[in-house]
Amino acid sequence: MRVAIIGSGPAGFYAAEALLRRTDEVVHVDMFDRLPTPYGLVRGGVAPDHQNIKAVTRVYEKTAARPTFRFIGNVRLGSDISVEELRRHYHQIVYAVGNEADRRLGIPGEGVSRCTPATVFIGWYNGHPDYRHAKIDLSVSRVAVVGNGNVAIDAARVLLRTPAELEKTDIAAHALDALRNSRVREVYILGRRGPQQAAFTPVELKELGEMEDVDPVVNPGELAGCVSQESARNSQQDKNLKILQSFAERPPGTKTKKLHLRFLVSPTEILADGDGHVAAIKLEKNRLEMQPDGTASARGTGVFETLDVGMVLPAIGFSLEHIAGVPYDEKARIIANEDGRVVDPVNRSVIANEYVVGWARTGAQGLIGSHKAASAHVVAHMIADGGKLAARELPERDAIITLLRERGLQTVSFDDWKQLDEVEVARGERRDAPRDKIVDVGTMLDILSQR
């Protein structure tokens, strides 16, 4: 059985692990990635000051060490190789391409300078090659981060960390240099719903009160009426509420920087100054309306306020970028699927032998660890559907590498990645950091060529 996995993030590696552990069949897995580096969101999305989360890559290394696993990096599906070609070379295909696009606010003024999607900011400070040249202007004193999830918290935390705190992380060197000279002193995290509907986790929220030079600020009035329900005791929402209440009860702090957590406000317009830069964000105050299914929806009250800020970072979610040849669900912005089986987006008929895992299947939800069971669930479908697929004759296994090289592509193996890894770790030692990332694909390939 030969399987192609497109994408080398957590969901892809967990799918590979589940496939390679099969005892009823010998499975060969080829994992493709458009970058020369593996690990997807763990490398390019997890905040640099959360090194303990990145330790999960040791598990992925064990999967990559299996004799029937290959990593084939620097190959982009849809341009370097087509879905139809994958179908000819593999019995089954698993899409694990994540959500690389950002969702927009859809309000007037969103296109002005210094209104930058949080995905761009996060990619920039994480050294993602796509965003290494992003223009992040930190000459402003106040920033609004729109969203109430962990992404919003990560962005705010990195903006407010001291250089000393960041130096010992794997933050990109260009970002560290810019943040050393940052003039940002206040960050506002803005949520359209209430504290009990916020999506951030208690661990991330609590960390905001433990930073070296930052005071968290919560208006007690915005917590009024928030009462822990008996059924919600010790839930994530209950824990978040208790942490927020502890922030609200703190006396005014004396630290240099402030982090304001605001709730029940929706941005309605980005206001620009005479030079076309963000000058302020207009907000409408909301109220909550309970729905029949028990969820709470935010409704505008017609009461507005203007918050003076010099930068806006929308962090309201992610979506899948369309890939040529891959069925796309326009409404959900994911690969069209039914419980992990890829389907035609119009008639919902199953496309045989094609599957999807991770955020490309569900949208941006779930922490890294949750993808292990979710990917194994989809692999169970693959096993059930597999039948006698292995009897279908395929080209020789190395034929796919030959095809790519004939097109002038420099493919990157996992052994090649380990060489890049060694270089980054050695560079990081100069500043007592875990690594100093290489942020340019051309430089990565040049290093491998020289070696």
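The values are calculated or read from the model by the stated rules, or taken from the named source; none is laboratory data. Worth saying up front: this structure is predicted, and the values here are computed from it rather than measured. So basically every Cβ, Gly included, is an ideal-geometry build from the backbone, and we count neighbours across all protein chains shown.
Of everything in the range 28-37, what is under 19 Å from GLU321 (Cα atoms) and part of a loop (DSSP other than H, G, I, E, B)? Give them in sequence order.
Correct list: ARG34, LEU35.
With respect to PRO36, determine if the residue is farther than 30 Å from VAL350 by Cα, out of contact with any Asp or Glu (no Cβ under 6 Å at 6 or more places or on another chain) and either of a type in the set (S, T, N, Q) or crowded, with 22+ Cβ neighbours inside 10 Å (or both).
It is true that PRO36 is farther than 30 Å from VAL350 by Cα, out of contact with any Asp or Glu (no Cβ under 6 Å at 6 or more places or on another chain) and either of a type in the set (S, T, N, Q) or crowded, with 22+ Cβ neighbours inside 10 Å (or both).
Please state which one of GLY73, GLY9 is under 18 Å from GLY340 (Cβ atoms) and buried (at least 19 other Cβ atoms within 10 Å of the Cβ).
Residue meeting the stated conditions: GLY9.
Only one of (1) touching a residue at least 24 places away in the same chain (Cβ under 8 Å); (2) within 21 Å of LEU20 (Cα to Cα); (3) out of contact with any helix residue (DSSP H, G or I) (no Cβ under 9 Å at 6 or more places or on another chain); (4) of a type outside the set (S, T, N, Q) fails for ASP415. Which number is that?
Result: ASP415 fails condition (1) only.
Give the range 71-99 a look and list any residue that's in contact with a strand residue (DSSP E or B) (Cβ under 9 Å, 6 or more places away or on another chain) and either β-branched (Val, Ile, Thr) or on the phi > 0 side of the Ramachandran plot (or both), or say none.
ILE72, ASN74, VAL75, ILE81, VAL83, ILE93, VAL94, VAL97, GLY98
At pLDDT below 95 and in a helix (DSSP H, G or I): is that true of VAL158 in this structure?
no
Which of (1) surrounded by 12 or more Cβ atoms within 10 Å (Cβ to Cβ); (2) within 30 Å of ALA376 (Cβ to Cβ); (3) of a type outside the set (A, V, I, L, M); (4) out of contact with any Lys or Arg (no Cβ under 8 Å at 6 or more places or on another chain) is the odd one out, the single condition LYS331 does not satisfy?
(1)
Based on what the data block shows, is LEU176 within 30 Å of LEU288 (Cβ to Cβ) and aliphatic (A, V, I, L, M)? Can you show your working first?
On the way: within 30 Å of LEU288 (Cβ to Cβ): no; aliphatic (A, V, I, L, M): yes.
Taking the combined requirement at face value, the residue does not satisfy it.
How many residues are crowded, with 18+ Cβ neighbours inside 10 Å, touching a Ser or Thr at 6+ places or on another chain (Cβ under 8 Å) and either over 16 Å from GLY9 (Cβ atoms) or among the basic types (Lys, Arg) (or both) when one looks only at the range 50-70?
Qualifying residue count for the region: 1.
Of LEU404, LEU394, which residue is assigned by TED's automatic domain parsing to the domain that holds ALA352, more than 26 Å from the chain's Cα centre (by Cα) and in a helix (DSSP H, G or I)? I'd like the intermediate steps shown before the answer.
Details: LEU394 fails: in a helix (DSSP H, G or I).
So the residue among LEU404, LEU394 that is assigned by TED's automatic domain parsing to the domain that holds ALA352, more than 26 Å from the chain's Cα centre (by Cα) and in a helix (DSSP H, G or I) is LEU404.
Any residue in the range 166-181 that is in contact (Cβ under 8 Å) with a residue 60 or more places away in the chain, surrounded by fewer than 18 Cβ atoms within 10 Å (Cβ to Cβ), among the β-branched types (Val, Ile, Thr) and assigned to a loop (DSSP other than H, G, I, E, B)?
No, there is no match, as no residue in the range 166-181 is in contact (Cβ under 8 Å) with a residue 60 or more places away in the chain, surrounded by fewer than 18 Cβ atoms within 10 Å (Cβ to Cβ), among the β-branched types (Val, Ile, Thr) and assigned to a loop (DSSP other than H, G, I, E, B).
Here is a yes/no grid of residues against (1) outside any loop (DSSP other than H, G, I, E, B); (2) surrounded by fewer than 17 Cβ atoms within 10 Å (Cβ to Cβ):
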position	(1), (2)
LYS255	no, yes
PRO267	yes, no
GLY274	no, yes
VAL278	yes, no
SER297	yes, yes
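Is it the case that some residue within the range 283-295 is more than 30 Å from ALA96 (Cβ to Cβ), more than 27 Å from the chain's Cα centre (by Cα), buried (at least 19 other Cβ atoms within 10 Å of the Cβ) and not hydroxyl-bearing (Ser, Thr, Tyr)?
yes
Collect the residues in the range 210-267 that are at pLDDT below 85 and under 21 Å from PHE304 (Cβ atoms), keeping them in residue-number order.
ALA224
Among the residues in the range 106-127, are any of a type in the set (D, E, K, R), in contact (Cβ under 8 Å) with a residue 24 or more places away in the chain, touching a helix residue (DSSP H, G or I) at 6+ places or on another chain (Cβ under 7 Å) and crowded, with 16+ Cβ neighbours inside 10 Å?
So far as the range 106-127 goes, no, none of its residues is of a type in the set (D, E, K, R), in contact (Cβ under 8 Å) with a residue 24 or more places away in the chain, touching a helix residue (DSSP H, G or I) at 6+ places or on another chain (Cβ under 7 Å) and crowded, with 16+ Cβ neighbours inside 10 Å.
Looking at (1) over 29 Å from LYS168 (Cβ atoms); (2) part of a loop (DSSP other than H, G, I, E, B), which is the one condition that is false for VAL46?
(1)
Take VAL342 and tell me if it is crowded, with 19+ Cβ neighbours inside 10 Å, more than 21 Å from the chain's Cα centre (by Cα) and in a helix (DSSP H, G or I). Give the steps one after another, and end with the answer.
On the way: crowded, with 19+ Cβ neighbours inside 10 Å: yes; more than 21 Å from the chain's Cα centre (by Cα): yes; in a helix (DSSP H, G or I): no.
Answer is no for this residue.
Could you tell me whether the range 237-252 includes any residue that is surrounded by 14 or more Cβ atoms within 10 Å (Cβ to Cβ) and in a strand (DSSP E or B)?
No: zero hits.
Count, please, the residues in the range 89-118 that happen to be touching a Phe, Trp or Tyr at 6+ places or on another chain (Cβ under 7 Å) and assigned to a helix (DSSP H, G or I).
0
Among the numbered criteria (1) within 15 Å of GLY369 (Cβ to Cβ); (2) out of contact with any helix residue (DSSP H, G or I) (no Cβ under 7 Å at 6 or more places or on another chain), which single criterion is violated by GLY7?
Unmet condition: (1).
Is it the case that some residue within the range 108-128 is under 14 Å from the mean Cα position of the chain (by Cα) and acidic (Asp, Glu)?
No, the conditions are met nowhere in the range 108-128.
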